[in-house]
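*Asks:* Can you read through this structure? Questions will come right after.
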Ligand SMILES: [Zn+2]
């Protein structure tokens, strides 16, 4: 995701809207309506689970999600079946949701000939933790698959740019149109569907989306088939995703126009926007083709998808979002009118950054938000690598210095500066972490490592890391181990690299060596 500077500009012009959003967030959400299969809610009892993180021993393995988007009511009626197992005997389940009406919860052992629900002795919701707790009458057995089945209704928001929210635009005939689009990073998938909303839980998703038949729908994966549910409602079935964290799930419902080209590796690249903007998206889609080829060659790893969509939305919170196979942007980040030179660089940087995330963040994902800088630093560094390979080192160094080095020094000089990796547990700290330390300083540290190791070794280490942790999560230590592997001795034995990596990662206000 691209955040800070664009977000600051956005804040200046949208204070009233965001004030409303903040007010809404600070209000405790209503306790969801509960009419599950058994028993009563644990009324007025202290919430039985107090850890701000979900337990690690309850592991989601697969999601099947059926969503019915209803524009007239501004709701999604949904059902999610989550296959899970536990790694130690457990008599409870806890998962995330916020502002969702939970209508029915069942849990049963998967793949038995008849469904025998496990009795639920109580349910409770905590609005601060945004967690729903289910007390079971008996223990779940270790390494046995269970299905957690939840019927729910969530909102299509009009007062915030998170979860699934509504955009309005005008088509070429001057008609007002609607577009529903998701923004789930960092902790907003839970606004759209009940889930285990932490990046460390990476599972495949099978998604079905029903919508009015005059709307088009996109999601992370290609559409397999479409079927009519009624004369007015059509449901799309999408191919199963590779293992993904919840923040990378995305879907868009609207009547957008699009351009389509093929990448060198035969991936379908499409860009979608309101029809009157289509002529200004050629730079973005052509540059997408260039950087997909560039990164596939640099990392010797193809994008594991037959399509990559990019959608432009008029109302958008950040600079761009790297959802797997469905990148979203504000129009301001991907529209280029040829007279605006500065805007040309914005489009190129943003497209490069979000496509770099398909490898750094999507194929290999951080375990927790305290290592946000690894994915954001890498995506920002790849803007620099891409630029010096397409232009000159001198030009790329100049833009990197202006965009990142100065920003990192400035942010690091503030009293509130912090180390790249710092303990994060609360929702507020997760949201506040999207700053120039994570993006610009993270990129500067990685750029120092690139110059120290040399491009060949740096890219070999990166490739080793991507292949070793493909479709999984990894920590920054795993990255250093990959560099160790290709250097054939431990980085910590070298005082220069040890200083760069260990001290910079855990400290603040250290001077960046500008090479
Ligand atoms: Zn990013």
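*Asks:* Antiparallel DSSP bridges in the chain: what percent, to the nearest 5?
*Replies:* 80 percent
*Asks:* Can you figure out the FRET efficiency of residue 233 with residue 175, using R₀ = 25 Å and their beta-carbon distance, to the nearest 0.05?
*Replies:* Computed FRET efficiency for residue 233 and residue 175: 0.70.
*Asks:* Taking only DSSP H segments of four or more residues, each worth -39500 (n - 2.57), what value at 222 nm results for the chain once the sum is divided by all its residues, to the nearest 500 deg cm²/dmol?
*Replies:* So the calculated ellipticity at 222 nm is -8500 deg cm²/dmol.
*Asks:* Here is a further query. Please list, by residue number, everything in the stretch 147-184 whose backbone N is under 15 Å from a paramagnetic label point 7 Å out along Cα→Cβ of residue 115.
*Replies:* 147-152
*Asks:* What length, rounded to one decimal in nm, is gained on full extension from residue 388 through to residue 279, with 0.36 nm per residue of separation minus their alpha-carbon distance?
*Replies:* 36.4 nm is the gain from fully extending residue 388 to residue 279.
*Asks:* Taking every DSSP beta bridge that has both residues in the stretch 88-209, what percent is antiparallel when rounded to the nearest 5?
*Replies:* Counting DSSP beta bridges with both partners in the stretch 88-209, the antiparallel share is about 95 percent.
*Asks:* As I understand it, the value is the acute angle between the Cα axis of helix 341-357 and the longest principal axis of the Cα atoms of the chain; what does it come to in degrees, rounded to 10?
*Replies:* Helix 341-357 sits at roughly 60 degrees to that axis.
*Asks:* Shifting gears a bit: Nearest-5 percent of antiparallel DSSP beta bridges in the stretch 256-335?
*Replies:* Percent antiparallel among DSSP bridges in the stretch 256-335 is about 40.
*Asks:* Let me ask another. Sort 81-94, 351-364 for me by packing, meaning the mean count of neighbouring Cβ atoms within 10 Å per residue, highest on top.
*Replies:* Answer by packing, highest mean first, reads 351-364, 81-94.
*Asks:* Using the alpha-carbon centroid of each, what span in Å lies between the stretch 414-451 and the stretch 190-267?
*Replies:* 31 Å
*Asks:* Sequence gap at least 6, Cα distance under 8 Å: using those rules, report the relative contact order of the chain to the nearest whole percent.
*Replies:* RCO, the chain: 12 percent.
*Asks:* Scale the Cα Rg of the chain by the rule-of-thumb value 2.2 N^0.38 Å and send over the ratio, two decimals.
*Replies:* That works out to 0.98 for the chain.
*Asks:* To test your reading of the geometry: what angle, between 0 and 90 degrees and rounded to tens, separates the Cα axis of helix 282-299 from the longest principal axis of the chain?
*Replies:* Between the helix axis and the principal axis of the chain, the angle is about 80 degrees.
*Asks:* Calculate the spin-label point distance for residue 145 paired with residue 226, positioning each point 7 Å from the Cα along the beta-carbon direction, and give it in nanometres.
*Replies:* Spacing of the two 7 Å Cα→Cβ label points: 3.1 nm.
*Asks:* Nearest 10 degrees is fine. How inclined is helix 455-468 to the longest principal axis of the chain, computing both from alpha carbons?
*Replies:* 10 degrees
*Asks:* Is the shape of the stretch 256-335 best called rounded, prolate or oblate, per the rule: a/c under 1.5 gives rounded, else a/b larger than b/c gives prolate, else oblate, with a ≥ b ≥ c the square roots of the Cα gyration tensor eigenvalues?
*Replies:* The shape class here is prolate.
*Asks:* Can you bin the stretch 309-428 into rounded, prolate or oblate? Criterion: square roots of the alpha carbon gyration tensor eigenvalues sorted a ≥ b ≥ c, rounded for a/c under 1.5, prolate for a/b above b/c, oblate for the rest.
*Replies:* It comes out oblate by the Cα gyration axes.
No lab work stands behind these numbers, since they all come straight from the coordinates. Small disclaimer: the values here were computed from a predicted structure and weren't measured. Methodologically, a virtual Cβ is constructed for each residue, glycine included, from the backbone with ideal geometry; neighbour enumeration extends over all protein chains shown.
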